[in-house]
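What follows is one structure encoded as structure tokens, with my remarks underneath.
Where a number appears in this text, it was derived from the coordinates with a stated rule and is not lab data. Quick caveat, the model's predicted, so the values are computed rather than measured. Here Cβ is always computed from backbone atoms with ideal geometry, including for glycine, and neighbour counts include all displayed protein chains.
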Amino acid sequence: MNWTQTFIPTLKETPSDAEIVSHQLLLRAGLVRKLTGGLYTFLPAGLRALRKIERIIREEMDRAGGIEVLMPALQPPEIWQQSGRYETARDVLFKVKDSAQREWVLGPTHEEVITHLCASEINSYRQLPKCFYQIQTKFRDEIRPRFGLMRAKEFVMKDAYSFDATDEGAMASYKRMFDAYTRIFARCGLRAFAVEADTGVIGGSHSHEFMVPAETGENDVVYCEASGYAANIEKATSRGPAQPTPAEGTGAAPEKFATPGVVTIDALAAAPHGVEPRRQIKTLVYMVDSEPTLFLLRGDDQLNEAKVMARTGAAAARPATPDECVATLGARPGSLGAVSGVPAKVKVYADEALRGARGMATGANEDGWHFRHVEIDRDIRVTQWVDLRTVRAGEASVASGLPLKIRRAIEVGHVFKLGTKYSDLMNATFLAENGLRHSLVMGCYGIGVTRTLQAVIEQCNDKDGILWPVAVAPFEVCITPLGVAPGSPARVAADALAAELESAGIEVILDDRDERPGVKFKDSELVGFPLRVGIGEKSLAKGEVEFKPRGGVLEPLKVADAAARVIEWVRAERARFQ
């Protein structure tokens, strides 16, 4: 294809609203254009790269036994109400009304639709296992779209759903999808790794995220190189804080002391009180499924809300308002505690790091007052001990005892073992071999296709532009004649080489623009074509062309050898991603 026959509007300047390098390069390389916040048009080169990622996904899903379908993006709210997610996922649901004022949901995902389908169509164990997948546009009401395709209101996703007769079968399906995802990201040229993950509003009992290391990623990953442990910060555990929780005490009863104006951990740690944060018990009030609930942590720890949802099994949870705190404990945030004044019906969850804590300070449930000499086992009624805290770098790994590390990453895929959550709610059952009816055992598996494209750019770039892996590059080879007039030696040689390469199945773009050589070379680097062949009259006079892999060293080639060398190089690169 000739450059002038397509549309690749490159930009010299970086758009002011592009915050991260991959977003900048998406725009500068002419791959996408922004319509408004969270909405993007894919231009020809970007669409070619996207379609290549989709092709890799299809090949690996088919290889893993997936069956492609296409489900409606417009969904009736009744199925979301049946699953319970009409409320729990309400923050991300786009809702629209038709001319009859009937409400519809624009699908952010399709667990409800596929379960409804299988409830009608799968009746016997003889029809199992099955795994359906689709590649389709999704819609999520992102309040703050940012980072280009990373957090958008409309995006392309591959979602798959497995159905099995047994839990063992479901785990086998999970493993097949896990392995398929590993192959997909490797073939896209991504260095991705799997981490243990929280299941979130989708639910289920087993989950992994596939992460791409990137300083600009929105996820924190906790890992230990020695043991191979890796988990999302929402799921990660450790052996506890680096500094132990104080366990020494005087045996004295809790003593109330005045703390006027002290409403933060740091304020209590400052003079004149001087209670270091690890000696404080932080009391947080949350409304868990509309019921006030207390969560206790060390003063220097942060509550992990994903763990709150997982440990309580709640459908919804949020921090209580100051007025709700007063109604529950009689005081406002900053003076809250669990030593006295806690209604018997209020559950108290305490973090494991507080076990055996003595000589602690905490709020007295009276504004401007705290208790000292608190011993948690003696003075506080704990309903349940659970892991609530967010892990910090340097804490000991549970597996190896070595310090944990934390790095930023981009999530590109997520696999869940759902069990029977949706099939129970939506009556998706089958007749087992023993003649009894059982719920279908489900798994679900998602890949952000548009997000994967941007993740490749985020991971594969240099100061000059994109470094596309050949498997997902818009074109494999860019031929750059420095003279484009019809009949000129450079143009004749370029046309002949392009024809020979295309006949061999190589994807070629011929830069036939009447631009200065520097502009053409810079655009080729910016867009990131894996290989450039430069053809100028000076090199032709020596019987040569210039062979230049993106990011590599320029190599002169004899004209007669050029096509064979290019074909050899491209096929070798393709083989790396098979």
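Quick notes on this one:
- Loop-located trypsin sites (Lys or Arg not before Pro) in segment 1-34 whose Cβ has at most 12 other Cβ within 10 Å (DSSP): LYS12
- The chain: relative contact order in percent, alpha carbon pairs under 8 Å with at least 6 residues between: 17 percent
- Angle in degrees between helix 167-187 and the longest Cα principal axis of the chain, rounded to the nearest 10: 50 degrees
- Computed extension gain for ALA541 through ALA485, at 0.36 nm per residue and net of the alpha carbon distance, reaches 18.4 nm.
- Quick note on segment 1-75: its Rg to Rh ratio, both from C-alpha atoms and Rh being the Kirkwood radius, is 1.09.
- Relative contact order for segment 255-386, counting Cα pairs under 8 Å that sit 6 or more residues apart, in percent: 29 percent
- Alpha-carbon centroids, segment 329-370 and segment 409-458: separation in whole Å: 40 Å
- Burial ordering of THR109, THR182, THR14, fewest other beta-carbon atoms within 10 Å first: THR14, THR182, THR109
- Cβ charges +1 (Lys, Arg) and -1 (Asp, Glu), total dipole of segment 502-578, debye: 260 debye
- About the Cα centre, charge dipole magnitude for the chain (Lys/Arg +1, Asp/Glu -1 at Cβ), debye: 300 debye
- Long-range amide H partners of ASN2 with built H, under 5 Å: LEU510
- Ordering LEU268, LEU26 from the fewest to the most neighbouring beta carbons within 10 Å gives LEU268, LEU26.
- If you bin all the Cα-Cα distances of the chain at 20 Å, starting from zero, the percentages per bin are 18, 40, 30, 10, 1.
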